[in-house]
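A quick write-up on the structure given underneath.
The values are calculated or read from the model by the stated rules, or taken from the named source; none is laboratory data. Because the structure is predicted, anything quoted here is derived from the model rather than measured. Neighbour counts run over all protein chains shown; Cβ positions are idealised from the backbone, glycine included. Note: accessible area is taken over every heavy atom of the protein model, side chains too, but ligands, DNA and RNA are not part of it. Shrake-Rupley method; radii C 1.70, N 1.55, O 1.52, S 1.80 Å.
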Amino acid sequence: MLLATALLIIGLLLVVYGADRLVFAASILCRSFGVPPLLIGLTVVSIGTSLPELLVASSAALNGQLNLAVGTALGSNITNILLILGLAALLHPFTVNSDILRRELPLMLVVSGVIGWLLFDNQLSRIDGVILITVAVAYLLFTIKIARFAGNEGADNLTREQLAELPREGSRPVAFLWLAVALIIMPMATRMVIDNASVLAHYFGVSELVIGLTIIAVGTSLPELATTIAGARKGEDDIAIGNIIGSNIFNIVLVLGIPALIAPGEIDPHAFARDYWVMLVVSTIFALLCWRKSRSIGKAAGALLTCSFFVWIVVLWFIASPVVG
């Protein structure tokens, strides 16, 4: 068990590192080929925050572990809001300034509603996958459109902060080197995660869904944790909150959409009956916090969110989890 735990942690760290290097390399290559920085920030970098979840979920689905994939997506969204936003707010209270964020919050809730409709029958079909990927493309196009408008107006904090975060240096050879490293690391790392997650699920007597909701979700959310806390420390409130909103949307449309396309099948009924509703409630609370008149998320809210995360983990592992035979 200790060996499986160690290998799982190492695998998660390697997945996160590989995804980071892949995004870094892709950003440099896009810039070298003349892709506008705004487009790079809103596509490559935005999707990159959900890349660890996508890699693990897709590998799990191909391995016949669709519940692990579903748990990873739903659990990452819950973790992003309760743990990551909560910890960041404890360090530095947030103020929501960006018009883009206020427009994207309703989209996050709409996307959350769409996945509830798709999970209602306790299945993920290829048609579901097509719907989710279509929503992903539409979301990207919409985001680029409003960001370009806001950038032209010169009045949007999120757009400026995203552009400032892009890598400024690096040549094509360096980018191709990191790309090769990432493509070597990530398949091995995801295999380590999937295999050892199964070992831990059987050892602790919980379902793979629960492992995905907790251990895998927290591990694959490390990029969001780093970006959000870094943004909070530097006072870049919009990019910190925008990172969570974008990640939560991509966790639904891509992290569930691609596994549905490549390996559709039945899922654990608890995914909809229990975990989906937790994600929806948490997402709604997040939106209400951002929509308040003060448009701020303070330390009290951060403490409440963080405590709620640990309560949810305890309930999930020791009270509500189905036992694996």
Using the Karplus curve 6.51 cos²θ - 1.76 cosθ + 1.60 with θ = phi - 60°, what ³J(HN,Hα) values do you get for each residue of the range 127-136, in whole Hz, with x for Gly and Pro? 5, 4, x, 4, 4, 5, 5, 4, 5, 4
Spelling out what I want: for every residue of the range 211-228, take phi, set θ = phi - 60°, compute 6.51 cos²θ - 1.76 cosθ + 1.60 (Karplus), and round to whole Hz; glycine and proline get x. 4, x, 5, 10, 4, 5, 4, 5, x, 6, 8, 4, x, 4, 4, 5, 5, 5
On the protein heavy atoms, probe 1.4 angstrom, tell me the percent of accessible surface of the range 172-325 carried by carbon and sulfur. 74 percent
Taking the Cβ of Pro269 as the centre, find all other residues whose Cβ is under 13 Å away and add up their charges (Lys, Arg: +1; Asp, Glu: -1). -3
Per residue solvent-accessible surface (Å²) - the range 179-325, probe of 1.4 Å: 40 Å²
By average Cβ neighbour count within 10 Å, what is the ranking of 63-75, 259-271, 7-19 from highest down? 63-75, 7-19, 259-271
Could you tell me the distance between the Cα centroids of the range 58-86 and the range 212-288, to the nearest Å? 7 Å
³J(HN,Hα) across the range 77-89 via Karplus (A = 6.51, B = -1.76, C = 1.60, θ = phi - 60°), whole Hz, x for Gly/Pro? 5, 5, 4, 4, 7, 6, 8, 5, 5, x, 5, 5, 5
